[in-house]
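Computed from the coordinates by the stated procedures, all read-outs in this text should not be read as laboratory data. All values reported here derive from a predicted model rather than from experimental measurement. FYI the Cβ positions are ideal-geometry reconstructions off the backbone, even for glycines, and counts take in every protein chain you see.
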Amino acid sequence: MKIKTTNVAGAFYPAEKNELLMSIDDFFQKVANDSGYYSRAIIVPHAGYIFSGALSAHGFKYLNPDSENIFIFAPSHYARIFGCVSCDYDEFETPLGNCVVNSDLVKIFSINNEAFEKEHSIEVILPLIKYFFPNAKIIPILYGCENYKNITEIIKRHWSDIKTSFVISSDLSHFYPERDSNKIDKYTAQMIETGYIKDFDVEQACGAVGICGLVDFAKENKYSLIRVGLTNSAAATGDTSRVVGYGSWFLYEGDKNNYLKTYYGNAILEVCRKSIMSGLQVGDFVGKCYPAVFEEAGAAFVTLTINGELRGCVGSIIPHRNLLKDLRENAHSAAFKDPRFEPLTREEFPYIDIEVSLLSYPERIIFSTEEELINKITPYQDGIIIRDGEYQSVYLPDVWEDLPDKREFLKSLKQKAKLEEDYFSDTFQAFKFRTVKIV
């Protein structure tokens, strides 16, 4: 039997079994799967446990507990390799017991045991797999110069087996001052969460190929990557001069806004209500810590009604700040700054109903004539934004209830933008978006 012995135990994580168990137990107690949703793919860091162990454990809390086979995609730091390689070891040693390799699945890859000898990007992940999935088999994969589309194809090929899961091992930015690191990692997170990876640079993450492969798979299937958390080495060392960034995400098999509605609908309404209460000085927006998905960029409209009558509506067209702040600011503005209404009073507050519409990223509609534009609009589903120079207006999908005819809908939208109803030009633009409503 060929066993890959540890080479960073005692450096990246405790080498003694009980000490390692205590460390992971401590991580386990401090983090939670807030929604109860289980995923089949996660992104987790691979640094020393003192730096990123808690965040990695948090990511693993979202991985499908029924996983029997776990692919690990990790970058090669020490061996120069091309494409993806695996190994012909039977087991990988960990202080918690050995991880068994699925010998059938590794056969589809080139074998390069030497690449694994000094590599930590897979080894650091293994104690967590052994802790959370003691009977699962692993498929360890290292890559060097590789097209991320090949990672996408591997995931697609094995996705039909619901007991097969995927771990992308990657740290984020390396050795920048903390302020710069935070900016880079925030930009990287936005690319991961929106699926716009065209300009993803290898300097943003050591596991950029694996990350892009999973993001590409998610985009193809209209899935979403949900943030578990972001941190960096300064949180552990206090040294802000040269930090390494860490992030974790899990794959949700659906749209992010549907995830938010399903698992955090009440929390979203609570954020809005507390914001309004704070504005009325009958409460204060403090205390509760919301899940990291609220830190992702989001756009929301907050609508207030009393006895079915509109009492205020303010929102964001595009995500330009984190969702938590967007909800707070728009709820406050709907209550106190909508120019169509007087500010909400304490007497009215008990009678308000709050409705939140979460907006998708706008998609530009390509057209050369107004007729072509009209044909590309789907009534009752699409929200529409029109723009030409300084003129702009937006209608949420709800407006179709009052304007079901597409031409009348567009005419009204132009009038709202202070344009003539038959206005059209070469610079006229339109965008569509979808909403998820929470009441």
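Apply the Karplus parameterisation 6.51 cos²θ - 1.76 cosθ + 1.60, with θ equal to phi minus 60°, to every residue of the range 6-21 and state each ³J(HN,Hα) to the nearest whole Hz, in sequence, with x for glycine and proline.
Going residue by residue, I get 6, 10, 10, 5, x, 10, 7, 7, x, 7, 8, 4, 5, 5, 5, 4 Hz, with x marking Gly and Pro.
Please work out the FRET efficiency for the pair Leu280 and Ser425, using the Cβ-Cβ distance as r and a Förster radius of 35 Å; give the result to the nearest 0.05.
0.20
Taking amide H atoms as placed 1.01 Å from N in the peptide plane, list the residues 5 or more away in sequence, or in a different chain, whose amide H sits under 5 Å from that of Arg434.
Correct list: Ser360, Gly383.
Over the chain, what relative contact order in percent results from Cα pairs under 8 Å that are six or more residues apart?
13
What is the distance, in nm, between label points placed 7 Å from the Cα along the Cα-to-Cβ direction at Glu401 and at Tyr37?
With each label placed 7 Å out from Cα toward Cβ, I get 2.6 nm.
Send over the Kirkwood Rh of the chain, from the inverse of the averaged 1/r over different Cα pairs, rounded to one decimal Å.
After inverting the pairwise mean of 1/r, the radius is 23.9 Å.
Taking amide hydrogens as modeled 1.01 Å from N in the peptide plane, which residues meet the under 5 Å criterion relative to Gly312, leaving out close sequence neighbours?
Amide H neighbours of Gly312: Leu304.
Taking H placed 1.01 Å from N in the peptide plane, check which residues at least 5 places from Gly83 or on another chain put their amide H under 5 Å from its amide H.
Gly144, Cys145, Glu146
For the range 1-38 and the range 140-194, what is the centre-to-centre distance using only Cα atoms, to the nearest Å?
21
With each label point set 7 Å from Cα along the Cα-Cβ vector, what nm distance links Gln381 and Asn147?
Inter-label distance under the simple model: 3.2 nm.
Treat the count of other C-beta atoms within 10 Å as a stand-in for reagent exposure and order Trp159, Trp400, Trp249 from fewest to most.
If I rank by nearby Cβ atoms, fewest first, I get Trp159, Trp400, Trp249.
For the range 42-59, what does the Karplus curve 6.51 cos²θ - 1.76 cosθ + 1.60, with θ = phi - 60°, yield as ³J(HN,Hα) per residue in whole Hz, taken in order and with x for Gly and Pro?
9, 10, 9, x, 10, 7, x, 4, 5, 8, 9, x, 5, 5, 4, 4, 4, x
Rounded to the nearest 5, what % of the DSSP beta bridges within the chain are antiparallel ones?
If we restrict to bridges inside the chain, about 65 percent are antiparallel.
In the range 3-254, what percentage of the DSSP-assigned beta bridges are antiparallel, given to the nearest 5?
Looking only at bridges with both residues in the range 3-254, the antiparallel portion is about 40 percent.
Under 1.5 on a/c is rounded, so check that first for the range 3-254, then, if it is not, pick prolate when a/b is larger than b/c and oblate when it is not; a ≥ b ≥ c are the square roots of the alpha carbon gyration tensor eigenvalues.
In terms of gyration-tensor shape, rounded.
At 0.36 nm per residue, and after removing the present C-alpha to C-alpha distance, how many nm does the segment from Asp104 to Ser241 gain when stretched out fully?
Between Asp104 and Ser241, full extension yields an extra 44.7 nm.
Taking the beta-carbon count within 10 Å as an exposure proxy, list Ser170, Ser412, Ser76 from fewest neighbours to most.
Ser412, Ser76, Ser170
Cα centroids of the range 324-343 and the range 61-94: how far apart, whole angstrom?
So the two Cα centres are separated by 49 Å.
Only loop residues by DSSP count here, and only those with at most 15 other Cβ atoms within 10 Å; note down the GluC sites (Glu not before Pro) in the range 367-431 that meet that.
For GluC sites (Glu not before Pro) across the range 367-431 that sit outside H, G, I, E and B with at most 15 neighbouring Cβ atoms in 10 Å, the list reads Glu390, Glu420, Glu421.
Have a look at the range 266-369 and give its Rg and Dmax from the Cα atoms, expressed in angstrom.
Expressed in Å, the Cα Rg and Dmax of the range 266-369 come to 14.8, 53.
Please rank Arg364, Arg328, fewest neighbouring Cβ atoms within 10 Å first, as an exposure proxy.
Ordered by Cβ neighbours within 10 Å, fewest first: Arg364, Arg328.
Hey, what do the phi angles of the range 168-175 turn into as Karplus ³J(HN,Hα) couplings, whole Hz, using 6.51/-1.76/1.60 and θ = phi - 60°, x for Gly and Pro?
Each residue of the range 168-175 in turn: 9, 9, 6, 8, 9, 5, 10, 6 Hz.
Taking just the alpha carbons, could you work out the radius of gyration and Dmax for the range 370-420, both in angstroms?
Rg then Dmax for the range 370-420, in Å: 10.2, 29.
Calculated FRET efficiency, Glu117 and Asp255, Cβ-Cβ r, R0 56 Å, to nearest 0.05?
Between Glu117 and Asp255 the formula returns 0.85.
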